[in-house]
Amino acid sequence: MYYNFLRIFFLTMLTTVFLQADSKLVPGFNQVGFINNNSINGVDTRATHLYGSAIDSKDRIIVVGITIDNDGFIMRLCKDGTLDKTFAQTGFINSSSIGGVQTNSNIFNKCVVDSQDRIIIVGRKDDPQGPEFCDGFIMRLNQDGTLDTTFNGQGFINSETIGGAQTNSFEFHDCALDSQGKIIVIGYTNNLKGIILKLNVDGTLDTTFNAPDGFINDSTIDDEQTDCVALNKCFITQDDKIIIAGYASIPAVDGSVGFMLRLNSDGTRDIDFNETGFINTNTISGQTIQADTYRSCVVDDQGNIFFVGRSEFNKGVIVKLKSNGVLDTSFNRTGFVNSSIVDGVELASNCFFSCLLDNQGRLVVAGYSDVGQGIVEGFVMRLNKDGTLDSKFNDVGFIKFTSVKGVAINVRYFKQCILDRWQRLIFVGVTIVGQTACPTVVRLLSNGSLESSAQWTSHNYSQHFKSIQKNLSLLG
């Protein structure tokens with residue numbers, strides 16, 4: 001017995017040493033866990049709304065959106081939420097003029113970081129002649145915030161014409177990188193059709209995609225009519241399949257319907273998905289979903305696909321499909337959620353703009369909920385794999401962001417959620433202070449609490465814990 005006691009003692013001590021060696025003291029975020037003002041570290045950024053975010057290899061947080069002057073906005077924050085002044089000297093760019101070069105950018109919707117920590121940003125360029133003359137906008141910045149002139153020769157594309165090809169782009173909503181570093185960009189055209197571009201690393205069109213064009217700018221894809229109107233989110237799988245969420249306009253339907261699409265890397269429809277490569281109807285596997293738009297999508301490690309968005313009754317929608325495009329009824333017993341009631345709880349959720357999966361396969365969604373009298377508030381929810389609310393998150397599985405644990409934040413909506421390597425959740429959106437729209441960044445710990453103070457965090461804590469349990473079990 002004494003011998004077993006010694007074994008347990010030394011095993012525990014040794015494991016503690018390993019845990020400490022693998023752990024890191026990660027700083028809190030902005031001392032309170034959030035930013036909800038356009039004045040950051042005492043500097044007026046003139047930002048109003050944030051629409052997208054990303055994390056680079058050094059754990060710096062990049063956020064993009066729009067300013068009060070209707071210029072594209074990009075900011076990079078250090079891990080602790082302070083401005084990273086190694087980026088553009090101030091930590092942010094709030095003008096369409098970058099390094100003395102006029103880009104004419106007006107809104108940045110999403111961003112992604114490549115293997116060299118260069119930042120790719122997509123959005124829209126407005127035109128003084130009127131809104132009908134807008135063009136899609138794509139830009140790549142170096143780590144220091146300067147234009148990367150190896151991209152399209154000037155660091156940006158602000159014309160619907162790319163390399164002499166007329167794309168008819170109007171606005172780009174999202175971008176992603178494939179395994180070769182090629183850039184997929186999606187949005188819609190000036191005649192209300194979905195658009196998909198595939199660019200080489202240097203910013204030229206990849207003419208192996210929908211050969212010989214390098215883009216798709218029509219609702220007819222691979223000789224099949226899809227009726228897609230706008231594309232909101234793209235997700236690239238490990239085998240470079242392209243999954244897209246958006247909405248379609250069907251002549252026989254009054255209004256829009258959610259649109260799901262899966263393409264092969266060459267731009268052809270992947271007919272292993274729903275036999276056609278797309279779904280543009282509200283009936284899936286015989287069930288009526290009633291989605292009028294999908295705003296985001298994500299794929300789990302089994303190839304199952306989640307789509308989130310809004311229903312025609314202004315309720316949050318979540319759909320889980322198997323890889324072949326049929327409903328996965330292990331999720332919420334039906335394969336979908338299209339009501340503000342989730343797991344028997346009334347949430348008043350109205351729209352989900354973003355979703356992700358954490359390292360335990362739990363689904364996190366972000367958007368807004370309606371609290372009545374025309375007032376909305378930011379909304380975040382985490383679900384278990386079976387679609388039930390995860391009570392380990394904020395005790396109830398969701399947060400309405402008027403306040404968090406008694407701390408007033410007054411977030412109106414979240415447009416994107418991302419995870420850092422420590423499994424902390426980062427949300428971006430907008431807060432209304434008085435009558436002023438202000439950029440919002442919130443960072444939560446895995447349990448749903450605001451990260452206001454430093455935390456010890458380990459990448460491999462779960463593996464260490466399982467190892468301890470296994471070794472102790474061997475002692476009998």
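The values are calculated or read from the model by the stated rules, or taken from the named source; none is laboratory data. Computed from a predicted structure; not experimentally measured. Heads up, the Cβs are rebuilt from the backbone with ideal geometry, glycines too, and the neighbour counts pull from every protein chain shown.
Only residues that are without any contact (Cβ under 8 Å) to a residue 12 or more places away in the chain and either on the phi < 0 side of the Ramachandran plot or in a strand (DSSP E or B) (or both) were counted across region 379-429, and they come to 3. From the list 259, 273, the one residue that fits, being crowded, with 23+ Cβ neighbours inside 10 Å and either touching a helix residue (DSSP H, G or I) at 6+ places or on another chain (Cβ under 9 Å) or outside any strand (DSSP E or B) (or both), is 273. For residue 458, state whether it is at pLDDT below 95, surrounded by fewer than 18 Cβ atoms within 10 Å (Cβ to Cβ) and under 20 Å from residue 61 (Cβ atoms). It is false that residue 458 is at pLDDT below 95, surrounded by fewer than 18 Cβ atoms within 10 Å (Cβ to Cβ) and under 20 Å from residue 61 (Cβ atoms). Are any of the residues in region 382-394 modelled with pLDDT under 95 and β-branched (Val, Ile, Thr)? No, region 382-394 has no match at all. Could you tell me whether residue 216 is over 22 Å from residue 282 (Cα atoms), among the β-branched types (Val, Ile, Thr), within 25 Å of the chain's Cα centre (by Cα) and surrounded by 20 or more Cβ atoms within 10 Å (Cβ to Cβ)? For residue 216, the condition - over 22 Å from residue 282 (Cα atoms), among the β-branched types (Val, Ile, Thr), within 25 Å of the chain's Cα centre (by Cα) and surrounded by 20 or more Cβ atoms within 10 Å (Cβ to Cβ) - is met.
Filtered by the rule that a residue be under 16 Å from residue 285 (Cα atoms) and without any contact (Cβ under 8 Å) to a residue 40 or more places away in the chain, region 301-318 gives a lone residue, 304.
Whether any residue in region 360-378 is surrounded by 18 or more Cβ atoms within 10 Å (Cβ to Cβ), out of contact with any strand residue (DSSP E or B) (no Cβ under 6 Å at 6 or more places or on another chain) and either at positive phi or among the β-branched types (Val, Ile, Thr) (or both) is what I want to check. No, that holds for no residue. Scanning region 119-140 for residues that are over 17 Å from residue 66 (Cβ atoms) and either of a type in the set (S, T, N, Q) or surrounded by 18 or more Cβ atoms within 10 Å (Cβ to Cβ) (or both) turns up 120, 129, 140.
The number of residues in region 106-149 that are within 22 Å of residue 91 (Cα to Cα), touching a residue at least 40 places away in the same chain (Cβ under 8 Å) and in a loop (DSSP other than H, G, I, E, B) comes to 8.
Considering only region 423-446, I want to know if a residue exists there that is at pLDDT below 95 and of a type in the set (D, E, K, R). No. Considering only residues in region 82-105 that are assigned to a loop (DSSP other than H, G, I, E, B) and among the β-branched types (Val, Ile, Thr), the one that is surrounded by the most Cβ atoms within 10 Å (Cβ to Cβ) turns out to be 103.
Scanning region 219-236 for residues that are surrounded by fewer than 17 Cβ atoms within 10 Å (Cβ to Cβ) and either in a strand (DSSP E or B) or modelled with pLDDT of 95 or more (or both) yields 220, 224, 225.
Being touching a residue at least 24 places away in the same chain (Cβ under 8 Å), over 17 Å from the mean Cα position of the chain (by Cα) and closer than 23 Å to residue 174 by Cβ is not true of residue 50.
All of (1) closer than 30 Å to residue 148 by Cβ; (2) surrounded by 18 or more Cβ atoms within 10 Å (Cβ to Cβ) hold for residue 280 with one exception: (1). Among the residues making up region 54-77, a single one is over 19 Å from residue 142 (Cβ atoms) and either within 13 Å of the chain's Cα centre (by Cα) or among the hydroxyl-bearing types (Ser, Thr, Tyr) (or both): 67. Within region 334-359, the set of residues being of a type in the set (Ser, Thr, Tyr), under 22 Å from residue 411 (Cβ atoms) and surrounded by fewer than 24 Cβ atoms within 10 Å (Cβ to Cβ) comprises 340 only.
Could you say whether any residue in region 150-173 is buried (at least 16 other Cβ atoms within 10 Å of the Cβ), in contact (Cβ under 8 Å) with a residue 40 or more places away in the chain, in a loop (DSSP other than H, G, I, E, B) and of a type in the set (A, V, I, L, M, F, W, C)? Yes, there is a match, as at least one residue in region 150-173 is buried (at least 16 other Cβ atoms within 10 Å of the Cβ), in contact (Cβ under 8 Å) with a residue 40 or more places away in the chain, in a loop (DSSP other than H, G, I, E, B) and of a type in the set (A, V, I, L, M, F, W, C). If you check 195, 186 for being closer than 15 Å to residue 157 by Cα, in contact with a Gly (Cβ under 8 Å, 6 or more places away or on another chain) and crowded, with 23+ Cβ neighbours inside 10 Å, only one passes: 186. Of the strands (runs of 3 or more DSSP E) lying entirely inside region 11-73, those containing at least 3 residues that are in contact with a Leu (Cβ under 6 Å, 6 or more places away or on another chain) and at pLDDT 90 or above span 61-67. Sub-8 Å Cβ pairs linking a first residue in region 337-359 that is of a type in the set (Ser, Thr, Tyr) to a second residue that is part of a loop (DSSP other than H, G, I, E, B), at least 6 apart or interchain, are 339/315; 340/315; 340/347; 340/348; 349/315; 349/340, ordered by first then second residue.
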